[in-house]
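Since the structure comes first, as structure tokens, the remarks are kept for the end.
Each value in this text was obtained by applying a stated rule to the coordinates, not by laboratory testing. Keep in mind that this is a model prediction, so the values were computed, not measured. Don't worry about glycine lacking a Cβ; one is built from the backbone with ideal geometry, like all the others, and counts go over all protein chains shown.
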Amino acid sequence: MIVAEQKSLEEIKNLIADMEKVLVVGCGTCVTVCFAGGDKEAGILASSLRMSTKLDGSTKEVTHITVQRQCEWEYIDPIADQINDADIVLSIGCGIGVQAIAERYPETVVVPGLNTTFLGLPTEQGVWEERCAACGECILGITGGICPIARCAKQLLNGPCGGSQNGMCEINPDTPCAWQLIYDKLKSQDRLHLIMDVQPPKNWSSSRDGGPRKITREDLRLAVEDSE
Amino acid sequence: MSDVSSNGYKSGSRLERILRAGHFAVTGELGPPQGAEINVIREKAELLQGLVDAVNITDNQTAIVRMSSIGAGTILVQEKLEPIIQMTCRDRNRLAIQSDLLGAYALGMRNLLCLTGDHQSFGNHPTAKNVHDIDSLQLVQMVVGMRDEEHFECGDEIKETAPRFFVGAAANPFGDPFEWRPYRLAKKVKAGADFIQTQLIYNVERFAEFMDKVRELGLHEQVYILAGIGPLKSPGMARYMRDQVAGLDVPDAIVDRMTHATDGIDPEDKKARRNAWRKEGMQVAIDLIKQMREIEGVAGVHVMAIEWEEAVKPIVEGAGLLPRPEPEPLPTSGSETE
């Protein structure tokens, strides 16, 4: 899932400072599951902003609404009336949700209420960890299902650096060394040969370094009429 | 195209010729200043002159901005002291690395140490973006390709003169997973490394265990291994390195040696205590070098006395490694010159 966390109330207040009618838009997918921007959080945030701005002597009208998925037109089209009625939309979807609303409603001022943080999973109640860097060229098949691009601080492809100690990464004693995990996994499966060869330099063009990415599936596109 | 130039060497560097001749090599280390003062380099170079075969010039070590390795290396070339340029993968992508290395070669540098680089969170620009386009093994492979195949990483041919470096890599025998470290070294050898400089060694027993495996894999016959030696300045430094630095293994016995160095000295006599610690620190280094010479497959030592260059002479001398041998001169008919 996409994991995010809420910005500070202070920062959010600055983002909406000059506006009267504020619409907080939550999202019912990833950010609901990570307790950052679901319906519950949208309600709490709207209420906090109402109280806080009132204390500051402002007369803001803050309402909230949540859609199932902010990142698809079909879910944000039905709330056009609420969006058009607001002076500003405070999206607490991920960065994709914020941009989807901004793109679909070009006249509307949209600001983010969350910091979109990473692609990851909850490893225990209240703890989320990064797992994927969306590099566009998956190598999990040779690294025992553990991603060194997302989980090694230096994105190493040929084994651990000298800072791996007692299974932990030198930059943070709470962060496991990805290469220790890879080594342990492959050793337990008797597949260490997979990391004995020198991995050549990675092709980063499929990653963000190649510019914004786009996938077009001709097999799925709706037929275009032969009008030309 | 071949792995030897017309002069019969890969690079013809002094370090390569010393090692090829079978001498026990000694390399030193010089940390460039956090400023642009040329005389700092000259003064440090003077302290190392004649004591070591070549000198590593660090590349923004511990992620703190310093004069560039190649810039400082150019000054060393002028001072007739052979540099080993350190190049990390943290700050440059494959374009910048190759371009800088063409410049370094043109300026007379012949040795290169390929490193991953300390993480920027340890340095003075912790909010910087790191690069890590390639890793240290891929860097070794790339510069060996530039030398032996005369092509860039992309495969394009290098016009006119291809840079011919004597290519080194680092090894940390004490990093984890310990049992995989010799295999990581094997990968560096497979990538084409000519020499290896190790992390600081204080735990000789554990290093010997690492070397047993290295010999079992036959690596000592394919690469020159220089053992890392660093003099301790105080018991505090020894404890810090034991407890706080990831990837270092300092046994209690060495910490105790440093602690007992001041036995019988008045605790108020700060100067005497400092001198006693430093003397013991140098003696520990000398003892370690002597132990390294006994380990089969160790081709030399890399003495790292950062910000304590004065210690190098007594250590190298105390270990019986002076005077440094003069290597065979390069054949004059060769197209390569040093």
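Please name whichever of B:L76, B:M109, B:F24 sits farthest to the positive end of the charge dipole of region B:1-132, dipole taken about the Cα centre and charges placed at Cβ: Lys and Arg +1, Asp and Glu -1.
B:M109
For peptide B:171-184, compute the average count of partner chain beta-carbon atoms within 10 Å of each residue's beta-carbon. Before the final figure, lay out the partial values.
On the way: counts 1, 6, 1, 2, 11, 12, 11, 1, 2, 10, 4, 0, 5, 9.
The shielding value for this peptide is 5.
Using Cα pairs closer than 8 Å and at least 6 residues apart in sequence, work out the relative contact order for chain B, in percent.
Details: 632 pairs, mean separation 68.9, N = 338.
Relative contact order, chain B: 20 percent.
Of the trypsin sites (Lys or Arg not before Pro) in region A:135-228, which ones lie in a loop per DSSP and count no more than 14 other C-beta atoms within 10 Å?
Working: sites: A:R151, A:K154, A:K185, A:K187, A:R191, A:K202, A:R208, A:R213, A:K214, A:R217, A:R221; in loops: A:K154, A:R191, A:K202, A:R213, A:K214, A:R217, A:R221.
Sites meeting the loop and neighbour criteria: A:R191, A:R213, A:K214, A:R217, A:R221.
Name the residue farthest towards the positive end of the dipole of chain A from the options A:S58, A:I142, A:V33, assuming +1 on Cβ of Lys and Arg, -1 on Cβ of Asp and Glu, about the Cα centre.
Among A:S58, A:I142, A:V33, the one farthest towards the positive end of the dipole of chain A is A:I142.
Pop a pseudo-label 7 angstrom from the Cα along the beta-carbon direction at both B:L102 and B:D156 and give the gap in nm to one decimal.
Calculated label separation equals 0.8 nm.
With a 10 Å radius around each residue's Cβ, average the other Cβ atoms per peptide and rank B:66-74, B:4-12, highest first.
Details: B:66-74: 21.9, B:4-12: 18.9.
Packing proxy ranking, top to bottom: B:66-74, B:4-12.
Relative contact order of chain A: what whole-number percent is it, with Cα pairs under 8 angstrom and at least 6 residues apart? Before the final figure, lay out each step's value.
On the way: 354 pairs, mean separation 38.5, N = 228.
This gives 17 percent for chain A.
Please go through region B:133-170 and write out the GluC sites (Glu not before Pro) that DSSP classes as loop and that have at most 12 other C-beta atoms within 10 Å.
B:E160
How far apart, in nm, are two points set 7 Å out from the Cα along the Cα-to-Cβ line at B:D263 and at B:Q222?
The two pseudo-label positions are separated by 4.7 nm.
Pick from B:L217, B:L101, B:L76 the residue whose mean-square fluctuation is largest in a GNM of chain B, springs joining Cα atoms under 10 Å.
Of B:L217, B:L101, B:L76, the most mobile in the Gaussian network model is B:L217.
Given the C-alpha centroids of region B:47-82 and region B:162-194, what is the distance between them in whole angstrom?
Here the answer is 22 Å between Cα centres.
Treating only the Cβ of Lys, Arg, Asp and Glu as charged (+1, +1, -1, -1), what charge dipole size does region B:175-250 show about its Cα centre? Round to the nearest 20 debye. It would help to have the intermediate numbers written out before the result.
On the way: 11 positive and 10 negative charges, 48 e Å.
Its charge dipole is roughly 220 debye.
Taking the Cα centre of region A:136-208 as the origin, how large is its charge dipole in debye, to the nearest 20, when only Lys and Arg (+1) and Asp and Glu (-1) carry charge on their Cβ atoms?
Working: 7 positive and 6 negative charges, 29 e Å.
In debye, rounded to 20, region A:136-208 gives about 140.
Given an 8 Å cut-off on Cα distances and at least 6 residues of separation, report the relative contact order of region A:136-208 as a percent.
On the way: 68 pairs, mean separation 24.9, N = 73.
Computed value for region A:136-208: 34 percent relative contact order.
Could you tell me the distance between the Cα centroids of region B:257-331 and region A:1-57, to the nearest Å?
Cα centres, region B:257-331 to region A:1-57: 62 Å.
Where nothing but the Cβ of Lys and Arg (+1) and of Asp and Glu (-1) is charged, how large is the charge dipole of region A:2-117 around its Cα centre, in debye to the nearest 20?
Values: 9 positive and 17 negative charges, 69 e Å.
The calculation lands at about 320 debye.
Could you work out the helix-only [θ] at 222 nm for chain B, with each DSSP H run of four or more residues adding -39,500 (n - 2.57) and the total divided by the number of residues, to the nearest 500 deg cm²/dmol? Write down the numbers at each step before the final one.
Values: 11 runs with 127 residues, N = 338.
Taken over chain B, the calculation gives -11500 deg cm²/dmol.
What does a probe at A:M196 reach in region A:132-166, counting residues whose amide N is under 18 Å from the point 7 Å along Cα→Cβ?
Hits in region A:132-166 for A:M196 at 18 Å: A:142-144, A:158-160.
Using DSSP to define loop residues, name the trypsin sites (Lys or Arg not before Pro) in region B:93-165 whose beta-carbon has at most 11 other beta-carbon atoms within 10 Å. List each step's numbers first, then the result.
Values: sites: B:R94, B:R110, B:K129, B:R147, B:K159, B:R164; in loops: B:R110, B:K129, B:K159, B:R164.
Hits after loop and neighbour filter: B:K129, B:K159.
Suppose each label sits 7 Å from its Cα in the direction of the beta carbon; what would the B:N93-A:I139 distance come out to in nanometres?
Taking the simple label geometry, B:N93 and A:I139 are separated by 1.7 nm.
Length gain on complete extension for the stretch A:I96 to A:E74, per 0.36 nm per residue less the alpha carbon to alpha carbon distance?
6.5 nm
Multiplying the sequence separation of B:E46 and B:Q34 by 0.36 nm and subtracting their Cα-Cα distance, what value in nm do you get? Each step should come with its number before you reach the end.
Details: separation 12, 0.36 × 12 = 4.32 nm, distance 1.90 nm.
Full-extension gain reported as 2.4 nm.
Using R₀ = 30 Å, calculate the FRET efficiency as 1/(1 + (r/R₀)^6) where r is the Cβ-Cβ separation of B:Q291 and B:R324; round to 0.05. Could the numbers behind the result be given before it?
Working: r = 21 Å, r/R0 = 0.69.
The value I calculate is 0.90.
Taking the alpha-carbon distance from B:K270 and a cut-off under 16 Å, which aspartates and glutamates remain once sequence neighbours fewer than 8 residues away in the same chain are dropped?
Straight-line reach from B:K270, under 16 Å: B:E280.
What FRET efficiency, computed as 1/(1 + (r/R0)^6) with R0 = 41 Å and r the Cβ-Cβ distance, is obtained for B:Y240 and A:Q189, rounded to the nearest 0.05? Could you put the intermediate results ahead of the total?
Values: r = 39 Å, r/R0 = 0.95.
The value I calculate is 0.60.
Across the residues of B:132-145, average count of Cβ atoms on other protein chains within 10 Å?
So the per-residue partner count for this stretch is 5.
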